[in-house]
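The values are calculated or read from the model by the stated rules, or taken from the named source; none is laboratory data. Note that the structure is a prediction, hence the values are computed from the model and not measured. Positions of Cβ are backbone-derived with ideal geometry, glycine not excepted, and every protein chain shown enters the neighbour counts.
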Amino acid sequence: MRVVVTGGAGFIGSNLVDALLSDGHHVVVVDNFSTGVVDNLHRATQTRRCQIVEGDLLDTTLVADAVRGADAVFHLAANADVRFGWNHPWRDLEQNVAATINVLEAARASDVRRVLFSSTGSVYGEAQVIPTLEDAAFPQQTSLYGASKLAAEGYLGAYAEAGHLSVTVFRFVSVLGPRYSHGHVIDFVRQLARDPARLHILGDGTQRKSYLDVDDCVAAMRLCLPRDPRFEVFNLGVDSYCTTTESATWICERMGAKPEVRFGGGDRGWIGDNPFIFLDTTRIRSLGWAHRRSIREAVERTVDDLLAHPARLDAPAEDRAAASEI
Ligand SMILES: NC(=O)c1ccc[n+]([C@@H]2O[C@H](COP(=O)([O-])OP(=O)(O)OC[C@H]3O[C@@H](n4cnc5c(N)ncnc54)[C@H](O)[C@@H]3O)[C@@H](O)[C@H]2O)c1
């Protein structure tokens, strides 16, 4: 198949690109390299089956040209930052909604029916039911990021309902693993690499979150590629959660650090931080998918990868400074 991956130079996208290439597909990466990096595509560019289109999804001509002739589009490109949304109130609308409409219009114009979309567990806001099912009551949004992803899901649903597209939406918990670039693990590793005697944790450390290893995330996405639904939604996550303090303990142990830990205070890290995220994954498991790595294994693998690539710990651009999807 010829498969387009928007955001293919990013953390999850580049792992997906490698997997699709190893499955024998031809892959077209569309990325503006705003947060994606060329290095993530090092393995992909060893094969002739990978084409890279450098450009912005807000450029309608570029998107139309990239999508034409494809069998499917994985649309991952987005502003993936949650925490600093209020510093840029239009960014989520442009990057996560307008860019998505451009992808959908390009697909519709070229009769590319299959679109798979990376949404987020953040759309559930502060869910009333935990573990949270895909058909949870329509949630109150708690971040501009979540609101924009939910809006994008709405557009995908409308295109599907009109018969233009076959859509799969994935709502991920926070994803960890090689090439990870934003979130609490890099924030903690960065702090400890600078000063192993001190660690500052946002909130009171009791926030409960579920995390998923990127290999498990990509395995679920691959599994769904051949499907032909009108519109379907899958939660992707593991069957457990941990507290931020537990995760910090694993990171410290992995790095051999025994820091004095300071907490920012309060039951959440920032406005819009959801203190308890845990998704019900019965639906995706009914397709035969199961996660292979535990949260702890995913955290440790991420630490190892960051320490093996210290350049990734360099001072981040602007507000990628700390947890985005924590
Ligand atoms: N990482 C997580 O924990 C997580 C959790 C839930 C959902 N998601 C979603 O998964 C997707 C991938 O996230 P990620 O963590 O790999 O983020 P990332 O920032 O590493 O990847 C996003 C990619 O999209 C590209 N991009 C952004 N805007 C673009 C535009 N207008 N035109 C072209 N390219 C553009 C970036 O350069 C980058 O390569 C996103 O849609 C994100 O919202 C991520």
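It is to be established whether one or more residues within segment 163-171 are within 13 Å of the ligand (Cβ to nearest atom) and out of contact with any Asp or Glu (no Cβ under 8 Å at 6 or more places or on another chain). Checking segment 163-171: at least one residue is within 13 Å of the ligand (Cβ to nearest atom) and out of contact with any Asp or Glu (no Cβ under 8 Å at 6 or more places or on another chain). Does Glu126 satisfy being within 25 Å of Val173 (Cβ to Cβ), in contact (Cβ under 8 Å) with a residue 60 or more places away in the chain and touching a Lys or Arg at 6+ places or on another chain (Cβ under 9 Å)? So Glu126 does not fit the description; no. Looking at segment 152-161, can you tell me whether even one residue there is surrounded by fewer than 21 Cβ atoms within 10 Å (Cβ to Cβ), closer than 28 Å to Asp273 by Cβ and free of Cβ contacts under 8 Å to residues at least 12 places away in the same chain? Taking every residue of segment 152-161 in turn, at least one turns out to be surrounded by fewer than 21 Cβ atoms within 10 Å (Cβ to Cβ), closer than 28 Å to Asp273 by Cβ and free of Cβ contacts under 8 Å to residues at least 12 places away in the same chain.
When Val112, Val97, Val129 are screened for being more than 10 Å from the ligand (Cβ to nearest atom), outside any helix (DSSP H, G or I), at pLDDT 95 or above and aliphatic (A, V, I, L, M), only Val112 passes. Going residue by residue through segment 259-280, is there one that turns out to be in contact with a Cys (Cβ under 9 Å, 6 or more places away or on another chain) and either more than 16 Å from Ser174 (Cβ to Cβ) or in contact (Cβ under 8 Å) with a residue 60 or more places away in the chain (or both)? The answer is yes, given that some residue of segment 259-280 is in contact with a Cys (Cβ under 9 Å, 6 or more places away or on another chain) and either more than 16 Å from Ser174 (Cβ to Cβ) or in contact (Cβ under 8 Å) with a residue 60 or more places away in the chain (or both).
Looking only at residues in segment 18-49 that are part of a helix (DSSP H, G or I) and in contact with a Phe, Trp or Tyr (Cβ under 9 Å, 6 or more places away or on another chain), which one is farthest from the ligand (Cβ to nearest atom)? Ranking the qualifying residues of segment 18-49, first place goes to Leu20. Within the option set Ala78, Ala66, being within 9 Å of the ligand (Cβ to nearest atom), under 24 Å from Phe172 (Cβ atoms) and outside any strand (DSSP E or B) holds for one residue only, Ala78. Residues being touching a residue at least 12 places away in the same chain (Cβ under 8 Å) and among the hydroxyl-bearing types (Ser, Thr, Tyr) are represented in segment 7-15 by at least one member.
Restricting attention to segment 185-193, does a residue exist that is surrounded by fewer than 17 Cβ atoms within 10 Å (Cβ to Cβ), of a type in the set (D, E, K, R), out of contact with any strand residue (DSSP E or B) (no Cβ under 7 Å at 6 or more places or on another chain) and not assigned by TED's automatic domain parsing to the domain that holds Tyr159?
No, every residue in segment 185-193 fails to be surrounded by fewer than 17 Cβ atoms within 10 Å (Cβ to Cβ), of a type in the set (D, E, K, R), out of contact with any strand residue (DSSP E or B) (no Cβ under 7 Å at 6 or more places or on another chain) and not assigned by TED's automatic domain parsing to the domain that holds Tyr159.
Given the condition in contact (Cβ under 8 Å) with a residue 40 or more places away in the chain and under 14 Å from the mean Cα position of the chain (by Cα), answer yes or no: does some residue in segment 97-114 qualify?
Scanning segment 97-114, I find no residue that is in contact (Cβ under 8 Å) with a residue 40 or more places away in the chain and under 14 Å from the mean Cα position of the chain (by Cα), so the answer is no.
Being more than 10 Å from the ligand (Cβ to nearest atom) and either more than 24 Å from Asp23 (Cα to Cα) or modelled with pLDDT under 95 (or both) is the filter here; which residues of segment 50-63 pass it? Passing the criteria: Thr60, Thr61. Only a single item in (1) part of a helix (DSSP H, G or I); (2) modelled with pLDDT of 95 or more is not met by Trp86, and it is number (2). If you go through segment 172-185 one residue at a time, how many are more than 10 Å from the ligand (Cβ to nearest atom) and under 24 Å from Leu223 (Cβ atoms)? Looking only at that region, the number is 1. Across segment 81-93, the qualifying residues are those that are surrounded by 16 or more Cβ atoms within 10 Å (Cβ to Cβ) and more than 11 Å from the ligand (Cβ to nearest atom), and the one among them that is nearest to the chain's Cα centre (by Cα) is Arg83.
Looking at segment 180-297, the helices (runs of 4 or more DSSP H) lying wholly inside it that each contain 1 or more residues that are farther than 28 Å from Ala308 by Cα sit at 214-224, 282-285.
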